[in-house]
Amino acid sequence: ATVFTWQWTNQYLLATTSGTNGALALDCSGWYTNGVVVQVTAVPTGGYQFLQWSGMGVPVGHSTDNPLNLTMDQARTVQANFVSTLPASRVWSGIGPWLSLTNWSPPGLPGPADTVTIGSGQCRIADPATVASLTVNSGATLVFSNWNSTLSATEIRIQGTVTHDYNPDTLAAGGWARDNRITFRSDVLVVSTGAWINADQKGYAGGPANSPGYGPGAGSGSHGGGYGGIGGYADTTYGGTYGSLTAPEDPGSGGGGGNEQGAFGGGAILIEATNI
């Protein structure tokens, strides 16, 4: 008899790209065996500097590392982004992601020394960003679409609307997913009359008719979802409490669907500012 032994292994695909005004020292795109560490290096052209990595696959907290070490334990897509070394005033218009060069005037990504205005339309930020100052004009909208998409600036002025995407109704081995929130870090934060930093109903979904809601504090029946306090109730089937008492940050849970769709829970907002 002949015995064949198959040596199973996992491989993951890495896709590396470069934005304008720079390049990669080496295109490392390809398939890699599980656990292999790949180092990717960004090289700016003259007059520009490396800003950050973006894409699905950048390790949390390492978006500004250069070179960037990637452990291939999942499929990863990363792009190097570059900014001018000269400070500029950049104004956003239209609809698109923060890292869209053509939505900024003058064209180019905002850097840490730039004065930035979301002038009109809707800008979506999915990666950490640092600028000198940020203004969201009346009628314009800034949307956060990632849990770690922090906006840092010395001064932030909100005259329009800031919000974030819904959190998914996804329960995995590690618990309920936390995908979206608003995070500002600044010395000065000014919110004008009529402006909004709004995460209403951006938490976990309410249940369909005759079904419980979603999230760790989901309500059932016709009862509300909980978080810092229990949900509204008529008997003992209310949504329970969860999260941290001293540093609350989780999205709120959805209410139960009685005869109709239950209400969504509230979203998550983190503001670190010395002057509000």
Check your understanding: Does any residue of segment 122-130 turn out to be on the phi > 0 side of the Ramachandran plot, open to solvent by 50 Å² or more (accessible area, probe 1.4 Å) and at pLDDT 95 or above?
Key -> no
Review point. Picking from Pro208, Pro216, Pro168, which residue would you name as being in a loop (DSSP other than H, G, I, E, B) and either of a type in the set (Asp, Glu) or farther than 15 Å from Pro251 by Cβ (or both)?
Key: Pro208
Study note, to complete from the structure: Of those in segment 209-263 that are open to solvent by 70 Å² or more (accessible area, probe 1.4 Å) and among the hydrophobic types (A, V, I, L, M, F, W, C), the residue modelled with the lowest pLDDT is Ala234
Exercise for review: Report whether or not Leu51 is in a strand (DSSP E or B) and touching a Cys at 6+ places or on another chain (Cβ under 9 Å).
Suggested key: no
Check your understanding: Given segment 69-112, what strands (runs of 3 or more DSSP E) lie entirely inside it while holding 3 or more residues that are farther than 16 Å from Cys123 by Cβ?
Key -> 76-84
**Study point:** Pick from segment 24-48, criterion open to solvent by 40 Å² or more (accessible area, probe 1.4 Å), free of Cβ contacts under 8 Å to residues at least 24 places away in the same chain and part of a strand (DSSP E or B), ranking: farthest from Ala113 (Cα to Cα)
**Key:** Trp31
Review point. Of the residues that sit in segment 185-205 and are in a loop (DSSP other than H, G, I, E, B) and hydrophobic (A, V, I, L, M, F, W, C), which one is nearest to Ile271 (Cα to Cα)?
Key: Ala199
Review point. Is it true that some residue in segment 12-19 is polar (S, T, N, Q), in contact (Cβ under 8 Å) with a residue 40 or more places away in the chain, under 30 Å from Thr141 (Cβ atoms) and part of a strand (DSSP E or B)?
Key: yes
**Study point:** Hits in segment 139-151 - residues which are within 19 Å of Asp179 (Cα to Cα) and open to solvent by 10 Å² or more (accessible area, probe 1.4 Å)
**Key:** Ser145, Asn146, Trp147, Asn148, Thr150
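The values are calculated or read from the model by the stated rules, or taken from the named source; none is laboratory data. Values in this document were obtained by computation on a predicted structure and should not be read as measured data. So basically every Cβ, Gly included, is an ideal-geometry build from the backbone, and we count neighbours across all protein chains shown. The area values use the complete protein model at the heavy-atom level, side chains included, leaving out ligands, DNA and RNA. Shrake-Rupley method; radii C 1.70, N 1.55, O 1.52, S 1.80 Å.
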